[in-house]
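K.L.:
Mind looking over this structure? Questions follow.
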Amino acid sequence: MPAPDFVNVQSGEAAGKGIRGFAPKRAQECHKSTYASLLGDICERRLVYWRTRGHEAEPMGDGLSALFETANLLTPVFVDRIFNAYGRLQIPAWQVLEQERRPSDPLFVKLNIGLKVDGVRHVADASGRMRPYSVVEFKTMGGMMWSRIKTLDDLGLTHWTARYRDQVLLGMLGCELVDHSAWLVLINRDCLYECTILEIPFDADRCETLLSRVQRVGVHVSSGTLPRQIDRPDICQNCPFLAICAPKLTAHPDEAPVIVRRADDPGRFDELQQMLSDHLLLEAERKEAESIKARLREQLVPGQRLVVGQYVVNWAVHGKGWRMTVEDTSMEAAREPAAAGEGGPP
Ligand code: SF4
């Protein structure tokens, strides 16, 4: 039989590159409603941009699109094969139903809040019938980040995880399931059998704050105005609206500075002056120390103790590397007579 005549067959390298960018991209468009998942955003102006200029947002990069798609693929596997399978074996049994449930509270339609909760946990009552019990929201994340979030306070580690609690609270309000704490399930993307479940009790005050926020956003959308910029380099640099918002991320050299005068407040003046002077001094010393340390590391072998005259170099394991410490033994020697003197006769 003659060998098949293959032509232009894709190489593994080309296929790998293609797959890297293969994840479906979300269309950039204006949001028709204010999404509950975004309402806890640190920047209110961005919430208005999503409603009015969403089509101008910087498109999501391949890496981020792939991560979102990975979450879309993994979450149903986790819910069906692991989470619900485990819950059905418990007493009383429970499982997540009503996946992607929309709000039943008419306020959400009135305020135009876009909300879909990941699911509602149904728990068996005394007769064994499954009843709606509480809201559940699932989030996947890489193992490193997952291992750092163990309490509700830890959600504040990044500005994107900080929004989760608000999203869950709005889910509880929207689905009118406020009597039992919701579950925020953080799934370790590296191992689907590792999840952290944070219980979130209902917080009516926080919900009030979020509802006021959505009202303000609505007013801006209808009147064509914008809330103030937050001018936070750490947030703005990664904002999809950076180009159109153009926040002022550095102090403008032409802008008149605030002048602190001694005559107005001598205490504050002296304190600020001293701190600024100390800061400059220590900064210069820190930079010099870092540069000497880098040069030392080039010459020394990590883990190998060394004695140079009065100096002893020691090493200790620190994480996956070595931490170097340098001891001045002449100081030790100077202390010894004094210490001996302390214990001797008066
Ligand atoms: S660039 Fe900064 S201020 Fe402007 S919308 Fe984005 S986060 Fe807000």
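K.L.:
Would you check if there is a residue in the stretch 31-53 being within 16 Å of the ligand (Cβ to nearest atom) and without any contact (Cβ under 8 Å) to a residue 60 or more places away in the chain?
P.N.:
Among the residues of the stretch 31-53, at least one is within 16 Å of the ligand (Cβ to nearest atom) and without any contact (Cβ under 8 Å) to a residue 60 or more places away in the chain, which makes the answer yes.
K.L.:
Quick check on the stretch 209-229: of everything there that is over 21 Å from the mean Cα position of the chain (by Cα) and within 9 Å of the ligand (Cβ to nearest atom), which residue is farthest from Trp160 (Cα to Cα)? Explain how you work it out, then say what you get.
P.N.:
Just the residues of the stretch 209-229 that are over 21 Å from the mean Cα position of the chain (by Cα), to begin with: 209, 211-228.
Within this subset, residues satisfying the condition of being within 9 Å of the ligand (Cβ to nearest atom) are 226-228.
Numbers: Leu226: 22, Pro227: 20, Arg228: 20 Å.
Step by step, filter the stretch 209-229, then rank; the result is Leu226.
K.L.:
Could you list, in sequence order, the residues of the stretch 67-114 that are assigned to a loop (DSSP other than H, G, I, E, B) and under 25 Å from Ala23 (Cβ atoms)?
P.N.:
From the stretch 67-114, those assigned to a loop (DSSP other than H, G, I, E, B) are 88-93, 98-100, 102-105, 111-112; that's our starting set.
Correct list: Gln99, Glu100.
K.L.:
From the list Arg206, Arg148, Arg163, Arg232, which residue is away from the ligand (no atom under 16 Å from the Cβ), at negative phi and under 19 Å from the mean Cα position of the chain (by Cα)? Even if it seems obvious, please write down each step before you answer.
P.N.:
On the way: Arg206 fails: under 19 Å from the mean Cα position of the chain (by Cα); Arg163 fails: away from the ligand (no atom under 16 Å from the Cβ); Arg232 fails: away from the ligand (no atom under 16 Å from the Cβ).
The conditions single out Arg148.
K.L.:
Quick one: is Ala27 touching a residue at least 12 places away in the same chain (Cβ under 8 Å), away from the ligand (no atom under 16 Å from the Cβ) and either in the same structural domain as Lys110 (by TED's automatic domain parsing) or in a loop (DSSP other than H, G, I, E, B) (or both)? Talk me through it step by step, then tell me what you get.
P.N.:
Details: touching a residue at least 12 places away in the same chain (Cβ under 8 Å): no; away from the ligand (no atom under 16 Å from the Cβ): yes; either in the same structural domain as Lys110 (by TED's automatic domain parsing) or in a loop (DSSP other than H, G, I, E, B) (or both): yes.
When the stated conditions are applied, Ala27 does not pass them.
K.L.:
Just for the stretch 306-345: of the residues that are under 23 Å from Glu290 (Cβ atoms) and basic (Lys, Arg), which one is modelled with the lowest pLDDT?
P.N.:
Ranking the candidates gives Lys320 first.
K.L.:
Additional query: Identify all residues within the stretch 238-249 that are within 15 Å of the chain's Cα centre (by Cα) and either more than 6 Å from the ligand (Cβ to nearest atom) or not in a loop (DSSP other than H, G, I, E, B) (or both); write none if there are none.
P.N.:
Quick first cut of the stretch 238-249, residues within 15 Å of the chain's Cα centre (by Cα) only: 238-239.
Matches in the stretch 238-249: Asn238 only.
The values are calculated or read from the model by the stated rules, or taken from the named source; none is laboratory data. Bear in mind the structure is a predicted one, so any value in this text is a computation, not a measurement. All Cβ positions, even for glycine, are placed from backbone atoms using ideal geometry, and neighbour counts span all protein chains on display.
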